[in-house]
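Report on the following structure.
Read-outs throughout are calculated quantities, based only on the coordinates presented, and are distinct from any laboratory measurement. Note that the structure is predicted; figures quoted are calculated from it, not measured. When we count neighbours, we look across all protein chains shown, and the Cβ atoms used for this are built from the backbone with ideal geometry, even at glycine.
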Amino acid sequence: MSENYLELDVAQGIPVWDEVFQREKEQEKLRKLDEKELKKAAALYKKRQQQAAKELQESAAEVCKKDAEAKARECKAARVQKQQEKDAATARKLLVAHSLKLRGSYARKPLCKFSLRYQDQKDSKPRSLRLCRISLPSLLPYSVPAPMSATTETKVYVVTGANRGLGLGLVQSLLARPQHTVVATVRSEQAKQSLEDEVKSVTKGTGSTLEIIQYDFSTAIAPNQVESTFAKLNIHYIDVLVLNAGGAQPMVPPSETTAEDLRAAFETNTIAPLLVFQGLKSYLLQAKSTPKLIWVTSSVGSIGDMDPFGGGAYGPSRAAQNWLARSIHLEFNGTKGDTRLIAIPLHPGWVQTRAGQYVVDQWQSALKAIDYNIEKPPTTLEDSVSGMIKVIEDATAEQSGQFLTFEGKSLPW
Ligand SMILES: NC(=O)c1ccc[n+]([C@@H]2O[C@H](COP(=O)([O-])OP(=O)(O)OC[C@H]3O[C@@H](n4cnc5c(N)ncnc54)[C@H](OP(=O)(O)O)[C@@H]3O)[C@@H](O)[C@H]2O)c1
């Protein structure tokens, strides 16, 4: 018999069938139980999964919320800081421009709101500026005492031809010093713009300011015109007038110098600066300490130490200028030692500027002929400017009327 057939014990048939049914029933029960358990487990699993997903979502939302809150806080802090910086910059400018001093009560609070009262320099009306949460220590260095005596008074410099070269160098150096008002003159709107751009990089000294006015020296400029232009600035005195604007014409020998070049050279280097001096003389004489007239000249103008190269129209225009500078010295300085004005014709050196380079190029072949090979002028702009400022500041009544170099040496007339 095949093993596929159930072997029945006839005698005990019923119990065997019972046993088979019973076993199948139990197995069925077990299967159902398994299915139920399985379903239960699956449901539980699903529920737990949903729960976990929900928790994940919730915590992600929480993180997002915290991130957003932190970002909002950061933005607000940045906004406040920006406002504070803006207000502090405005306050600094006002303190400096109006020579204001922070009161002691302000200084006790490190961060506070306050309003700054000042008098507008343009229309002299009282103005008030409300400022918020400024760090006062950041303002204190800019808080300057109002001028009280001659020693704390703002020094007023006027520099002509200030848009480039030596004039620009002088303006930049003077502005970086504290308590200096620098009046720079230029001859065109373009030159004014260029000067404004150039001084952007300068960190101005406490209380120092720049004013720009326009004078063109190509044709005689009337002294009263010079004066009325200056009067608009509402500045009442000048300590130092630096007559610097000037230029060189072709550096040829006298046999080739033209009348046209002579007229142009005298106009720019001799006549116009003299007229500027005449226009501003009354302001110089208002200075508290002895005023100084510094007339930038050139060693090319020296007759006693003349170079064997062509000086063109430039040399004679400088020689005439030196004569006038010496003469101004005599006019304002009595024989009994009463110095009313220090007048110095000042040679800046052979300097690396457009004018200095022009002379190198003009003299190139003459210099080569004596084996003096140079590509550019020997003196740097920085050396010339710092030397000139030292000579100007140290200038004494005894030096008035002397022909000096930027190194303080005396040159023959
Ligand atoms: N560099 C030297 O080696 C040297 C030596 C001895 C003496 N200097 C004298 O030093 C002074 C400054 O020269 P620098 O070396 O600085 O030369 P720069 O770079 O050529 O500057 C000359 C300045 O003078 C101005 N200027 C010229 N002609 C003018 C006019 N008709 N009206 C108004 N402004 C005028 C120029 O203004 P623009 O830009 O509008 O032209 C410029 O600002 C000059 O008087 C020069 O002769 C120079």
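Tabulated data for the structure shown
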read-out	value
Pairwise FRET efficiency - Lys54 versus Lys25, Cβ, R0 = 45 Å, nearest 0.05	0.60
Flagged links, alpha-carbon separation over 27 Å, of Lys192/Lys292; Lys47/Lys71; Lys155/Lys200; Lys155/Lys409; Lys66/Lys86; Lys368/Lys390	Lys47/Lys71; Lys66/Lys86; Lys368/Lys390
Peptide ranges 197-206, 383-392, 32-41, 243-252 listed from the most packed, as the mean C-beta count within 10 angstrom indicates	243-252, 383-392, 197-206, 32-41
Size of electric dipole in the range 155-405: Cβ of Lys, Arg +1 and of Asp, Glu -1, about Cα centre, debye, nearest 20	660 debye
Size of electric dipole in the range 266-346: Cβ of Lys, Arg +1 and of Asp, Glu -1, about Cα centre, debye, nearest 20	380 debye
Net lengthening on full extension, Lys200/Ala89 (0.36 nm per residue, minus Cα-Cα)	38.5 nm
Local electrostatic count at Glu267 - Lys and Arg +1, Asp and Glu -1, tallied over other residues with Cβ under 14 Å	0
